[in-house]
Amino acid sequence: MLAAPKPLAPANDARCRAGASQHPFAPVLPAAKRALTETNQLVIVALGSSTTAGSGASEANNSYPAVLEAELRRRLPGREIKVINKGVGGQSAYDMLLRMESDVIAEKPSLVIWQTAVNDAIRDIGEEKLAKILKKGIRQVQGAGIDLVLMDLQWLPREGRYPKYDDYRAVLAKTAAENNVAVFPRYGMMRTWSRSKQFTPEELVGMDGDLHLVDAGYRCLAVRLADGIAAALTGVRPDGKPTN
Amino acid sequence: MSGFWRLMLFGKGPREAALPGRDLRIDAIRGLILLIIFVNHMPGNVVSGWMPYNYGFSDAADIFVLLAGVSAAFAYGRLIDQRGMLVGSLKVGARIWTLYIAHLALFVLVCGIIATAIVRTQNSLYMEAINIQPFFSDTPAAVINALGLTYQPYYLDILPLYIVLLALFPLIYVAARTSPLPTVIFSLAIWQVATHFGLNLPNHPGEAGWFFNPFAWQVIFVLGVVLGRLALVGATVPRLVVLDLLAVGVLVFAAAVKLSTSNFLAGVPVLGEWVDGLQIGIDKTNLAVVRVVHLLALAWLVLRYLRPGAALLRSRIGGGLAVIGRHSLEVFCAGIVLAIAGQIILAETSFVLWVQLLVNFAGITILAGLGMFLSWYKTLTARAAGAPREQPVAA
């Protein structure tokens, strides 16, 4: 039988913020802010592939959207907060675009976190094509009056496997910038974590002997997302200082 | 009413089927398709950049399913005509069992290869690439769902589709025999209604359904069965030059849309938007309408201009492809395993060009070799079975 994974204590979360100033995540979320003020509700849809589905995490409730929901509830007490997981492993940006209307916008969220493009990078679908797909998805979300955050690709210990990996990351960054979309700098964060010596390599990208992706990376993603989102909504940074 | 329309509406009785000579086109085209599927299952490799999906709306999968319909009509349809529904259905059932076992074997092989690769390389993206994580994170559930065909990693989604379609075959065939045109219309209606209401079979975990939505893809299979049935009763392809031109027009338009980097109808209202959509992707799961139109255009031109016994098909290349196509299940399964191994090799060698070419060449050679071996083995066993028994079979 598989050993039960050790629960990761929030006390350990400080390490998630290693090098936070180098890779800031400070989105502007007018729609989410308005929804929270007017209805006391915050509905987030997490759209993505495996990172979002969390099928590698040892239990469903250790996926990043589940942790994000718990973290936001802790930070925003008294608010109704829901993070809906719409991750499907292996999907390309186009696959996700096809379900943007029915799976995402239909849930009436005020914020969408779109984790994508990794499968497009490893399949090398064409940079221009990816840009068009992302743009279309962004327009759809923005057109519905919903805030959007794009998640950068994961950091890989040996990137040479996919020679165009950085080119596809650049497409995502450029398309986001052109369309005023905040990017969650996952790649940079993971690289910093990998150098901070507070994580084992397995905790970030590898797996344990039973081929389970360990949960530390997911937990830290969620913590950093929660930091940025909570700061955008309350005007208070996780270290207690006011923003701006 | 002309003979053509009478045939399309009222069909022909089971005893009226002619016995056409062997159609060399089916095996040769299927052989080619199997090789293309192998190459395309290693995404990002240079050779796949030259494969037909880069030039058209439909791709190898569409042709594969169409041919599955045609050959099912030839093999099991004829059996239903001659021996009746029960015998025909039993034979179809036996084939489904073979496909099911092949699918499960493939599933275990693929999981094993990916697991080995990840343990050795620590690259978790091998799991992402074919959506095999559910197997590792909740193995009992994944195995149960795999047995019920409700968990399908990528590449392990074509055989389940074929299993479902074949299970429906006796029904489809009798309908196509009784009245071809209404059968097609009914099938088109199911496709459109199902797409409209988002009907699909489940693919756990998550809410995405089957990658090949059977409610949509049955259309292509039904078209194949109807074509096969029409061929069985000796229907000839009408000489309609207008359709020829239309078909060529569809292919040219598709190639223009797929190959051009810019949208040549950008300024035109509605049409510009439409071309934009086609350039970023063509829905495969629910079968975009343009895929079917493109496939029909291709099929029409093949029927019109590639005769069943054409010299091209008798050439070495045509003959070689037919040998591969005649053993499609075995070659298909081997192709999946080789493509997944190939994917890993390509990534581990950073997609160096010469390795890419070598992997493609080696894979195609192995698949061709497998086809040749199986043909040789078949004649060997057929000869042995035909020879008088000299010795009693050992107990």
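Give me a single rounded figure for B:344-352: the average over its residues of other chain Cβ atoms within 10 Å of their Cβ. Taking the mean over all residues of the peptide, I get 3. The translational diffusion coefficient of the stretch B:246-286, from Stokes-Einstein at 25 °C and 0.890 mPa s with a Kirkwood hydrodynamic radius over alpha carbon pairs, comes to 226 µm²/s. Of interest is the spacing of the C-alpha centroids, which for the stretch B:85-145 and the stretch A:16-91 amounts to 33 Å.
Panel order for B:PHE264, B:PHE64, by other beta carbons found within 10 Å of each beta carbon, from fewest to most: B:PHE264, B:PHE64.
Model label points for B:ALA94 and A:ILE84, set 7 angstrom from Cα along the Cα-to-Cβ axis, are 5.1 nm apart. Between B:ALA94, B:ALA75, B:ALA299, the residue with the greatest mean-square fluctuation in the GNM of chain B (Cα pairs under 10 Å linked by springs) is B:ALA94. In this Cβ point-charge picture (+1 for Lys and Arg, -1 for Asp and Glu), the protein assembly as shown has a dipole of about 1220 debye about its Cα centre.
Using the structure shown, list the pairs from A:LYS132/B:LYS284; B:LYS91/B:LYS378; B:LYS91/B:LYS284 with a Cα-Cα distance above 21 Å, or answer none.
Working: A:LYS132/B:LYS284 18 Å; B:LYS91/B:LYS378 19 Å; B:LYS91/B:LYS284 30 Å.
The pairs that break the limit, which is 21 Å between Cα atoms, are B:LYS91/B:LYS284.
Counting only DSSP beta bridges whose two residues both lie in the protein assembly as shown, roughly 15 percent are antiparallel. Highest mobility in the GNM of chain B, judged by mean-square fluctuation with C-alpha springs under 10 Å and restricted to B:LEU287, B:LEU168, B:LEU156, is found for B:LEU168. Other protein chain C-beta atoms within 10 Å of residue C-beta, averaged over B:117-129: 6. Measuring against 23 Å, Cα to Cα, the residue pairs A:LYS33/A:LYS82; A:LYS135/A:LYS164; A:LYS86/B:LYS258 contain A:LYS86/B:LYS258 as the ones spanning a longer distance.
If you plug the beta carbon distance of B:ALA105 and B:ILE366 into 1/(1 + (r/R0)^6) with R0 = 22 Å, you get a FRET efficiency near 0.80.
Taking the protein assembly as shown as a whole, the Cys residues whose C-beta sits 4.7 Å or farther from every other Cys C-beta are B:CYS111, B:CYS333.
For the stretch A:57-143, the alpha carbon convex hull comes to 108 Å³ per residue, rounded to a whole number.
Placing a pseudo-label 7 Å from each Cα along the Cα-to-Cβ vector at B:VAL193 and B:VAL87 gives an inter-label distance of 3.5 nm.
Each stretch of four or more DSSP H residues adds -39500 (n - 2.57); spread over every residue of the protein assembly as shown, this sum gives -18500 deg cm²/dmol at 222 nm.
Only one residue of A:PRO65, A:ALA46, A:LEU76 has its Cα farthest out toward the positive end of the dipole of the stretch A:30-89, where Lys and Arg carry +1 and Asp and Glu -1 on Cβ, and that residue is A:LEU76.
Roughly how many whole Å is it from the C-alpha centroid of the stretch B:349-363 to that of the stretch B:198-243? Using only Cα atoms to place each centre, the spacing works out to 35 Å. 3J(HN,Hα) couplings calculated from phi for the stretch B:228-245 with the Karplus curve 6.51 cos²θ - 1.76 cosθ + 1.60 (θ = phi - 60°) are, in sequence order, x, 5, 4, 5, 4, 8, x, 5, 9, 6, x, 7, 10, 5, 4, 5, 4, 5 Hz; Gly and Pro show x. For chain B, the relative contact order is 31 percent, taking Cα pairs closer than 8 Å that sit 6 or more residues apart in sequence and dividing their mean separation by the residue count. Spin-label model, B:VAL237 to A:ARG139: label points 7 Å out along the Cα-to-beta-carbon direction sit 4.0 nm apart. Estimated from the Cβ-Cβ distance and a Förster radius of 45 angstrom, the FRET efficiency linking B:ASP244 and A:SER21 is about 0.10. Paramagnetic label reach from B:THR261 (point 7 Å along Cα→Cβ; backbone nitrogen cut-off under 18 Å): within the stretch B:27-71, residues B:49-50, B:54-55.
What the phi angles of the stretch B:309-325 give under the Karplus curve with 6.51, -1.76 and 1.60, with θ = phi - 60°, is a coupling list of x, 4, 4, 4, 6, 8, 5, 4, 5, x, x, x, 5, 5, 4, 5, x Hz, glycine and proline written as x.
Here, each number is a calculation from the coordinates, and none is a lab measurement. Keep in mind that this is a model prediction, so the values were computed, not measured. Glycine also receives a Cβ, built like all others from the backbone with ideal geometry; neighbour counts cover every protein chain displayed.
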